[in-house]
Amino acid sequence: MGLVQLIAEADERSLAASGLACLDRCQPLLDEEPDVLRPLWAGIAEGEEGWAGQLAAARAALDDASSDAWAPVRKMIAAAPSEWATGPLGEWATACSALALELHRELDPVGGAGGPLVTGEERRQIQILETLAASPDGAALRRALDLSTEGRRVLRAALSRRARSQG
């Protein structure tokens, strides 16, 4: 099943986790700021009750992040719906997916949509949505976070290689 269809069929929890995971994987592009997105994972675990409060806290923390490098993530967190509903969360998850794929495309050494960074990012997005669709428990959310962390490491390594080759 493709990424677009998985997003279209996802529930609220899966959509929130998918969007957050995409932004989480963009963090290696940013300054060494505290991990302001991590508490949002707890908000997703709490569902509708925890999402809005953790989202407000993340927005406040990102407002304090002075670097312009945070602008794309800050914009996407600002656009995140406080409402725990599939429609708004689906639109947001789709936008987060597109942002993550675009940032990976810009950094991919091969360039274009078929490079290893882009295909790896798309694969991770699909794996996260499939994992969450298969299981409603906390273990699935933990696996989604683990997949996102793996993606952060891959992007960090790509950035390091790029810096060495340009330096």
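The values are calculated or read from the model by the stated rules, or taken from the named source; none is laboratory data. Nothing here was measured: the structure is a model prediction, and the numbers come from that model. Backbone-built Cβ (ideal geometry, glycine too); neighbour counts: all protein chains shown. Note: areas computed on protein heavy atoms with side chains; ligands, DNA, RNA excluded. Shrake-Rupley method; radii C 1.70, N 1.55, O 1.52, S 1.80 Å.
Each residue in the range 147-157 was checked for being open to solvent by less than 30 Å² (accessible area, probe 1.4 Å) and either within 15 Å of I44 (Cβ to Cβ) or modelled with pLDDT of 90 or more (or both), and 3 pass. Every condition in (1) surrounded by 13 or more Cβ atoms within 10 Å (Cβ to Cβ); (2) under 18 Å from the mean Cα position of the chain (by Cα) is met by E106 except one, and the failing one is (1).
Flag not set for Q166, criterion: in contact with a helix residue (DSSP H, G or I) (Cβ under 7 Å, 6 or more places away or on another chain), of a type in the set (S, T, N, Q) and more than 17 Å from P28 (Cα to Cα).
Candidates L159, L99: the one that is farther than 13 Å from L23 by Cα and among the aliphatic types (A, V, I, L, M) is L159. If we scan the range 51-72, do we find a residue that is open to solvent by 50 Å² or more (accessible area, probe 1.4 Å), at pLDDT 95 or above and not hydroxyl-bearing (S, T, Y)? Within the range 51-72, none of the residues are open to solvent by 50 Å² or more (accessible area, probe 1.4 Å), at pLDDT 95 or above and not hydroxyl-bearing (S, T, Y).
A count restricted to the range 129-167 and to residues that are closer than 24 Å to G111 by Cα and of a type outside the set (S, T, N, Q) stands at 16. For the range 109-123, the candidate set comprises residues that are open to solvent by less than 10 Å² (accessible area, probe 1.4 Å) and in a helix (DSSP H, G or I); within that set, the residue that is nearest to S14 (Cα to Cα) is E121. The residues of the range 73-82 that are touching a residue at least 12 places away in the same chain (Cβ under 8 Å) and either assigned to a loop (DSSP other than H, G, I, E, B) or surrounded by 18 or more Cβ atoms within 10 Å (Cβ to Cβ) (or both), listed by number, are V73, R74, M76, I77, A80, S82. Checked against (1) in contact with a Phe, Trp or Tyr (Cβ under 8 Å, 6 or more places away or on another chain); (2) small (G, A, S); (3) part of a helix (DSSP H, G or I), A98 meets all criteria but (1).
For the range 128-146, the count of residues that are under 29 Å from R164 (Cβ atoms), outside any loop (DSSP other than H, G, I, E, B) and open to solvent by 40 Å² or more (accessible area, probe 1.4 Å) is nonzero.
Across the range 1-38, the number of residues qualifying as assigned to a helix (DSSP H, G or I) and over 30 Å from A163 (Cβ atoms) comes to 12.
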